[in-house]
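Remarks on the structure that follows.
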Amino acid sequence: MPTWGEARAAAIAKLRDGADPQTAALDADVLLAFALGVEKEQLLAHPERALATEAGARFDALVERRRTGEPVAYLRGFKEFYGLRFDVDPRVLIPRPETETLVEEARRVIAGRALTIVDVGTGSGAIACAIAASEPGVRLIATDVSADALVVASANARSLAPVTERVAIVCANLPYLREDTLAHLAGERTSLAFEPRAAVIAGRDGLDLIRRAIADLPRVLAPGGAALFECDPPQAGEIAELLRARGLASHIVRDLAGAERVVAASS
């Protein structure tokens, strides 16, 4: 079983013979971290760790696709732009750093005013969402000739367009299952086998979306407000700790079966 460092070195060598040799080391780091589900810094700090078979197979497949020239953003399914993470796939153009210049100039013209703005050829929605996230007073219209692109842009808008006013209560029944938990529960609850995976799965530990929501609470929760998160019972304690780390008092509410089902917090 190879170590993280050995797998990284082998991937760099392979990518240097591929379509984009100049980014071989960076691509190997990004894709290995993605396959492992860790940050790049953790990967580089622990090259001696053994690469599990499943993660190794994922990494090998990603490296082979990248070697042929497939963009890293499509391989991972997302791209950072203007400090935001956008979902991207072959239905849309990948947002480029240079396009941030257009966003900056648009914001200079907006100058804090409540204006109506149209983003023509929105693609992933990068320009529209970046402006909306930074200029809460504007109204955005995003258009595209591609219906597929509009599906991607709409999903990004729902994910990234922020609440722009403080609220008294946040109620959140976000996806909170892990892959292995879903596989187990699908046999017990038949409907889960037919329901959309994006509505129930949230990362390796099921807390990806809940973490993001908790991180944003200080911005949107009014003084004296409350936040309520439904969760898988084994997650309740960790969610309570995440809330306390944000300076919020928290307590756990049990459902009718006695399971720890809701974590409630107050500011």
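The values are calculated or read from the model by the stated rules, or taken from the named source; none is laboratory data. Everything numeric here is computed off the predicted structure, so don't read it as measured data. Using ideal geometry, Cβ is built from the backbone for each residue, glycine included, and neighbour counts are taken over all protein chains shown. With ligands, DNA and RNA removed, areas are computed over all heavy atoms of the protein, side chains included. Shrake-Rupley method; radii C 1.70, N 1.55, O 1.52, S 1.80 Å.
Annotation: amide H-H contacts under 5 Å for I201 (H modelled 1.01 Å from N, sequence separation of 5 or more, or interchain): L177. Taking label points 7 Å from Cα along the Cα-to-Cβ direction, V145 and A57 give a separation of 4.3 nm. If R0 is 45 Å, the Cβ-Cβ spacing of L115 and E179 corresponds to a FRET efficiency of close to 0.55. Shape class for region 92-179: oblate, because the ratio a/c of the largest to smallest gyration tensor axis (alpha-carbon atoms, square roots of eigenvalues) is 1.5 or more and b/c is at least a/b.
Taking amide H positions as modeled 1.01 Å from N, with prolines and chain starts lacking one, the residues under 5 Å from A142 and 5 or more places away or on another chain are D119. Considering amide H positions built from the backbone, and no H for Pro or chain starts, which residues 5 or more places from L93, or on another chain, come under 5 Å of its amide H? For L93, whose amide H was placed from the backbone, the distant partners under 5 Å are S124.
Per the Debye calculation on the chain with a single equal scatterer at every Cα and no solvent contribution, log₁₀ I(q)/I(0) for q = 0.09, 0.14, 0.15, 0.16 Å⁻¹ amounts to -0.55, -1.22, -1.29, -1.33. Per residue, the chain exposes 55 Å² of solvent-accessible protein surface, assessed with a 1.4 angstrom probe and all protein chains in place. A straight line joining the Cα centroids of region 220-264 and region 145-177 runs 22 Å. Rounded to whole numbers, the Karplus 3J(HN,Hα) couplings from phi for region 41-54 are 4, 5, 4, 6, 7, 10, x, 7, 5, 6, 8, 4, 4, 5 Hz, using 6.51 cos²θ - 1.76 cosθ + 1.60 with θ = phi - 60°, and x at Gly and Pro.
When each of the peptides 101-107, 131-137 is scored by how many other beta carbons lie within 10 Å of its residues on average, the order from highest to lowest is 131-137, 101-107.
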